[in-house]
Each structure stands twice: as C-alpha cells, then as structure tokens.
Amino acid sequence: MQTLIFNTTEKTIEVNEGGIVLYNLENITTVKPLDGYYEVMQRVDSDTAPSGYSAIPVLRLPICATNMRIIK
C-alpha cells in the first residue's frame, strides 16, 4: 500500500511505500480524486496563461492502492 502525503502549506507531496520514497514533488497546486485515481497537479510558469502560471497533471495514483494524508 502506498501513502501519499500532501502538505497544503508547503505545496509538496511525498509518495512512499514500505518506508521507501517513490516520489517527492514540489509546487503542487492540488490533488484531485477522480474516477478511481488521485491526480496530482503541479504549477508551472506559463506566458500564455492569464495568471502567469498554469497547473498540469504530473502523476496519477490508484485510489484502491493509496492512502492519502493531508497536512497543513
């Protein structure tokens, strides 16, 4: 079983399994639960977006095999 730790203040995630870190990502805007998976969105700078940045999906994890912990 994987564990996804989403820090909403620092905008980071860590995904680990059995004490081994599989992913460690920064600039995470949100983690969206969708049809059977969590979709991790990462902020990227963009000249074409009105706000100067956009969010793109960078990782999908199956909900059935992933615990998610949200910390502030």
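If only residues of the range 35-67 that are modelled with pLDDT of 95 or more, over 10 Å from the mean Cα position of the chain (by Cα) and of a type in the set (A, V, I, L, M) are counted, the one that is surrounded by the most Cβ atoms within 10 Å (Cβ to Cβ) is 63. Pairs are defined by a Cβ separation below 6 Å, a sequence spacing of at least 6 or placement on different chains, a first member in the range 1-30 that is under 13 Å from residue 69 (Cα atoms) and touching a residue at least 60 places away in the same chain (Cβ under 8 Å), and a second member that is part of a strand (DSSP E or B) and basic (Lys, Arg); the pairs so defined are 5/69.
Say we look at the range 1-34 and pick out the residues that are charged (D, E, K, R) and surrounded by 15 or more Cβ atoms within 10 Å (Cβ to Cβ); which of these is nearest to residue 62 (Cα to Cα)? In this case the residue turns out to be 14.
The values are calculated or read from the model by the stated rules, or taken from the named source; none is laboratory data. Only a predicted model underlies this, so the values are computations on that prediction, with no experimental measurement involved. Note: ideal-geometry Cβ built from the backbone for every residue, glycine included; neighbour counts use all protein chains shown.
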